């Protein structure tokens, strides 16, 4: 990945900096370049003006009125927001309790119905009662859903309108959202490969395998229902949980307010593709009901920060996706200048909002030259609205951006600022602000700032010495190791608190098809069982 | 001024007095040294107005300070108006939930209990509750006034009341301590007891809190049992959101009459759900005005919000037996025109939607 792609990720340049979308790692063909001008941010093209009527509504007392509301829409920026309904075991459920989702400027984009815990509990019970489809059917349906997700009009939105909405609401650069659409399509299109790779060698996929005639391990579900408390930082996080569906779990997803549109679209597609209404559910809820969901489901996947990790750390039924705190280590035997593109991309790729983006770079020797060079590269990234074709940096509401900025400035006290020392919130004048990159130099590898992960390209550069060992690298989702020291690699790969090790010139966000992100999800969901039969 | 023991203070529930005339008679009763309670006569000395001359209309109740907190410490005897004589017909002394420190105490007299229950029974008739049924109550008993109202309602509207202890203070402690699983186990303990009653007795009316009802709804065997036997469910004690109410009425208990109440120890009773509302109407509660009155106000200014707008609920109790005006509750509600005169009706009692903490800083999720 060249940093040039980050700077110019316009139409026809390919997906850019995204998990699994590097040239050579993606099996699916690249998407066609989109017609020029499709992404122009003309006023009449604002996302809320493009949202079509809710389709597929079940006949319900309120849906006629809702459809009438929607059909009046589409004319101008004064449209009423899109209605995003819960998708429960009896179809669409238009909750009376609503909350408004705004774009980064504060303009209302959608109203989400929040379901009560009674609905959550009944939905999970219905999921448990539903019989899973056969494996082949499941895989086919997920592949079909992936195509629908990437190409079809779903719940009144075509892919372009969906992508623009995610960009405007989540503040994720449009090019990143587009690339993620293709990434989700590719990853779900090969979901069975992931499962096949995750299955221990020698374990039969099905008890009907002839292997069980003489005795064999067979792969079986640990339980039946799976809940997801989803993330809103990046639409790509939604390419993981469908593996649970592929394994036969029935799945309920609670979306994030920051970006409910990706799971809404994906689940709409999965339902249309054959999972129906009682095998996959979309349950927007308030906080209290999220606990109900975790209690009701057999197993759960929870995204969150340190607070969430503390809350669920002792719950064996919960798989946590906590802070990533990904890092790069460069030893003296390797010249960082040869890898500056990769280091820059690791920090800022896909908007720098991912858990796989680099938070800290450790350099054996003087970190100043690298910090300076990184700052120079990152300073060149343009501050643009998220729907701009050339946008590469994340955008948030101005209030949130200022809060993040204040937090950064407090945490960065006593460090040497190479970029962003005067602040990182670049106001766009419409109530939103771009989070521009920050580079700070630390005095020690174990400085507390080295663990401060923020949702934008924010990197800490620290000196590292052999005496520090791998201690400062513990607790990292990904460690990029630019070193020829095989003994050091041994240690990093053996370290239990490090999720993945990328040795050499690979950005920390690199993900290959069928490879684990934080272990295989299947390790959490499946077990091996001995079966022998006559 | 006529005798403080004005007959307008003793009207049956279905005879509606002129609210202001009633209010003035009540002020005379509570602040006349011969009939007022020791608590209020003492308290009146520190007021900067004379309730007997200055409180003329319902709006004037806003002049009273909120003395609710003082009910934590006052002697129960000092709360009973002297006009009740030396042997007042006291049903009992009851306490608030006690979630914020020491509980507040009120004294329930027979005349008020009878008026409240007679009015509430008529409301249950309007909701289609069958008369003469056996009732099962999964509600707080002991020091909690709701248990007394349950028994009295069961005895008068129904035939017999079966009860199960529910200690809300312990549940709240468990939840505050993060022991959600223990609170859940307590709810299961209640349901287990309810199942014995439901499966062996002819229960026609179930009185239950929304949270225990939700637990019950999670047990398919109990839902089946309730649908087989129970003709009417009365819920109250905490809020029930409109979506859950819809699910109960349409999916879970489609053939069972369903009626809520919004009560508080500090009003010595509850407001009843207005009859004839559809699922898409807001759930409106009418109090027994002019004795119990609500105002829905902007918490910052204490001014009433417009009809249909959300605000914080101010409750007042003004009856012969008790006076507690101008008490700001923690609940938010929609202001609805009253169907009985003074004060407001309230709808959609609910906490504010928060959905998600938007100020999380560190981390990317």
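Rounded, prolate or oblate: which fits the range A:415-481 when a ≥ b ≥ c are the square roots of the eigenvalues of the alpha-carbon gyration tensor, with rounded for a/c under 1.5 and prolate only if a/b beats b/c? The shape class here is prolate.
Report, for chain A, the % of DSSP beta bridges that are antiparallel, rounded to 5. If I count the DSSP bridges inside chain A, around 35 percent turn out antiparallel. Build a GNM of chain B with springs between Cα atoms under 10 Å: which of B:36, B:83, B:69 gets the top mean-square fluctuation? Looking only at B:36, B:83, B:69, the biggest GNM fluctuation is shown by B:69.
What ranking of B:34, B:329, A:387 emerges when the number of other C-beta atoms within 10 Å of each C-beta is taken as an exposure proxy, fewest first? Walk me through the numbers on the way to the answer.
Details: B:34 12, B:329 18, A:387 25.
Listed from fewest to most nearby Cβ atoms, that is B:34, B:329, A:387.
With the radius of gyration and the Kirkwood radius both derived from the Cα set of the protein assembly as shown, what is their ratio Rg to Rh?
Details: Rg = 32.1 Å, Rh = 30.8 Å.
Looking at the protein assembly as shown, the ratio lands at 1.04.
The ranking of B:28, A:495 from fewest to most other beta carbons within 10 Å of each one's beta carbon is A:495, B:28. How many angstrom lie between the C-alpha centres of the range B:25-102 and the range B:119-172? Each part's Cα centre sits 27 Å from the other's.
The Rg/Rh ratio for the range A:106-248, using Cα coordinates for both the radius of gyration and the Kirkwood hydrodynamic radius, is 1.04. Three semi-axes describe the equivalent ellipsoid of chain A; taken as square roots of 5 times the Cα gyration tensor eigenvalues and ordered largest first, they are 36, 31, 20 Å.
Would you mind ranking B:53, A:180, A:530 so that the residue whose beta carbon has the fewest other beta carbons within 10 Å leads the list?
Numbers: B:53 12, A:180 28, A:530 9.
In increasing order of surrounding Cβ atoms, one gets A:530, B:53, A:180.
Our note on the geometry: Cα centres of the range A:240-312 and the range A:381-446, 31 Å apart. Equivalent ellipsoid of chain B: semi-axes from √(5λ) of the C-alpha gyration tensor, largest first, are 35, 25, 20 Å. Report the paramagnetic label zone for residue B:34: residues of the range B:77-116 whose backbone N is under 14 Å from a point 7 Å from Cα along the Cα-to-Cβ axis. Flagged as within label range: B:82-85.
Tell me, what does the Kirkwood hydrodynamic radius of the range A:197-331 come to in angstroms if you use every pair of distinct C-alpha atoms? Mind dumping the intermediate values first?
On the way: mean 1/r = 0.0600 Å⁻¹.
For the range A:197-331, the Kirkwood estimate is 16.7 Å.
The coefficient of translational diffusion for the range A:326-503, derived via Stokes-Einstein from the alpha carbon Kirkwood radius under 37 °C and 0.692 mPa s, stands at 202 µm²/s. For the range B:52-119, pairs of C-alpha atoms spaced more than 17 angstrom apart make up 59 percent of the total.
Take the Cα gyration tensor of the range A:60-321, multiply each eigenvalue by 5, square-root it, and list the three semi-axes largest first, rounded to whole angstrom. They are 32, 20, 18 Å, listed largest first.
I need the per residue convex hull volume for the range A:73-184, using only the alpha carbons, in cubic angstrom as a whole number. Numbers along the way, then the final one.
Details: hull volume 14.6 nm³, N = 112.
Measuring per residue, one finds 130 Å³ for the Cα hull of the range A:73-184.
Where in the range A:401-438 is the amide nitrogen less than 14 Å from a point lying 7 Å along the Cα-to-Cβ axis of residue A:444? Answer for this model: A:415.
Across B:41, B:11, B:216, mean-square fluctuation computed from a Gaussian network of chain B (C-alpha pairs under 10 Å connected) peaks at B:11. A crude spin-label estimate for the pair residue B:339 and residue B:91, with each label 7 Å from Cα along the Cβ direction, gives 2.3 nm. When all alpha carbon pairs of the range B:103-198 are counted in 10 Å bins from zero, the resulting P(r) reads 15, 37, 32, 16, 1 %.
Given R₀ = 22 Å, what would the calculated FRET efficiency be for residue A:416 paired with residue A:335, taking r from the Cβ atoms and rounding to 0.05? Calculated value: 0.50. On the basis of the beta-carbon distance and an R0 of 25 Å, residue B:50 and residue B:328 show a calculated FRET efficiency of 0.60.
Calculated [222 nm] ellipticity per residue, helices only, for chain B: -9000 deg cm²/dmol; basis is -39500 (n - 2.57) per DSSP H run with n ≥ 4, divided by all residues, nearest 500.
Would you calculate, for chain A, the mean residue ellipticity at 222 nm contributed by helices, counting each DSSP H stretch of 4 or more residues as -39,500 (n - 2.57) and dividing by all residues, to the nearest 500?
Values: 17 runs with 165 residues, N = 534.
Rounded to the nearest 500, the figure is -9000 deg cm²/dmol.
For chain B, the longest principal axis of the Cα atoms and the long axis of helix B:180-200 meet at an angle of about 80 degrees.
Taking 15 Å as the cut-off, the amide N atoms of the range B:63-87 that come nearer than this to a point 7 Å along the Cα-to-beta-carbon line of residue B:42 belong to B:67-82.
Every number in this text was worked out from the coordinates using simple rules, so none of it is lab data. Everything quoted here is computed from the prediction, not taken from an experiment. Cβ sites come from the backbone with ideal geometry, for glycine too, and all protein chains shown count toward neighbours.
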